[in-house]
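Read the structure below first, then the notes.
The values are calculated or read from the model by the stated rules, or taken from the named source; none is laboratory data. Predicted model only: the values in this text are computed from it and were never measured. No Cβ is skipped: glycine too gets one built from the backbone with ideal geometry, and neighbour counts run over all protein chains shown.
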Amino acid sequence: MSELLTTKQVQDILKIDRITVYRMLDDGRLKGVKIGNQWRFAQSEIDRLLGKEIEEEEEAIEIIPDFPSSCVTEVQEIFAGIIGIGAVTVTMQGTPLTEPTYSNPFCKLMMSSEAGNKACQNSWRRITENGSNRQDCHLCHAGLCYKRAMIQSDGRQIAWLIAGQFYMETPDREENEKFIGELAEKYQLPKQQLIDASRKIPLLKKYQLEQVQEWTPKVAGTVQSILCERADLIGRLKRIAELSSIDASLSK
């Protein structure tokens, strides 16, 4: 998966100020994806601007224009908060469309590292690419469980809601701490801090697992309804604008 860069990183690479970045977004010279209130940019997009050759096998990050990230994030947070899990909404390629909702300090600490952040995004991508529709649970690189549900718009599959960051069974303490220590070394994180954080990963009870199974597709359906109603509203506003333009020209 292509690396996602912040606006500040793009400024530093291109030697431009923030206002210029926004101007380039407005006039189409630069493409990005908005996650919450923050813009993120594919490394391949910056390489293109710099005139670098992009390897053919590298996949371009799918951009979903005007995706209502803030609204979807609120729905995602309410859902995750009720059960006590984490959640994120991603494109079909696994690129985050919303800021992740954290259920525990372990995932937040993991994503504070650049290498750990990449590993999490690669996990989301593998979850989205898993061809089995029957699989109830998917595991990330850190061994946490997730449930996914498809989001569609205009009959087209555009995103996934991924809910998780929990254990289904109590892990062996000694083996798990050894594994967490290896993750800490691999992703350049403080070992003891990551081990302590891992002890706060939720172990879901049976009724909570049933809630995850039942509610994840329902929440994805709610997001679909939001997208549908939003598209309908935008269509109506455009038609009103067109009619207003016609009326103005006739009155001249």
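Pairing each residue of segment 34-52 that is in the same structural domain as Met24 (by TED's automatic domain parsing) with any residue that is at pLDDT 80 or above and not in a helix (DSSP H, G or I), provided the two are 6+ apart or on different chains, yields C-beta distances under 6 Å for Ile35/Pro96; Ile35/Glu99; Gly36/Glu99; Trp39/Gly32; Phe41/Leu5; Phe41/Gly32; Glu45/Lys31. For segment 67-124, the tally of residues that are in contact with a helix residue (DSSP H, G or I) (Cβ under 7 Å, 6 or more places away or on another chain) and among the hydroxyl-bearing types (Ser, Thr, Tyr) stands at 5. For beta carbons closer than 9 Å, sequence separation of 6+ or different chains, a first residue in segment 4-18 that is more than 11 Å from Leu49 (Cβ to Cβ) and a second that is aromatic (Phe, Trp, Tyr) and exposed (fewer than 12 other Cβ atoms within 10 Å of the Cβ), there are no qualifying pairs. The helices (runs of 4 or more DSSP H) located wholly in segment 134-252 include none with 1 or more residues which are free of Cβ contacts under 8 Å to residues at least 60 places away in the same chain and in contact with a His (Cβ under 9 Å, 6 or more places away or on another chain). Scanning segment 98-115 for residues that are among the aliphatic types (A, V, I, L, M) and assigned to a loop (DSSP other than H, G, I, E, B) yields a single hit, Met111. When you check Thr95 against the structure, is it within 15 Å of the chain's Cα centre (by Cα) and surrounded by fewer than 22 Cβ atoms within 10 Å (Cβ to Cβ), yes or no? It is false that Thr95 is within 15 Å of the chain's Cα centre (by Cα) and surrounded by fewer than 22 Cβ atoms within 10 Å (Cβ to Cβ). Just one of (1) surrounded by fewer than 17 Cβ atoms within 10 Å (Cβ to Cβ); (2) part of a helix (DSSP H, G or I); (3) of a type outside the set (Lys, Arg) fails for Ala119. It is (1).
Put simply, of Arg48, Arg40, Arg29 the only residue that is touching a Pro at 6+ places or on another chain (Cβ under 9 Å) and at pLDDT below 90 is Arg40.
When Gln188, Gln193, Gln165, Gln211 are screened for being in contact with a strand residue (DSSP E or B) (Cβ under 6 Å, 6 or more places away or on another chain), in the same structural domain as Ile82 (by TED's automatic domain parsing) and polar (S, T, N, Q), only Gln165 passes.
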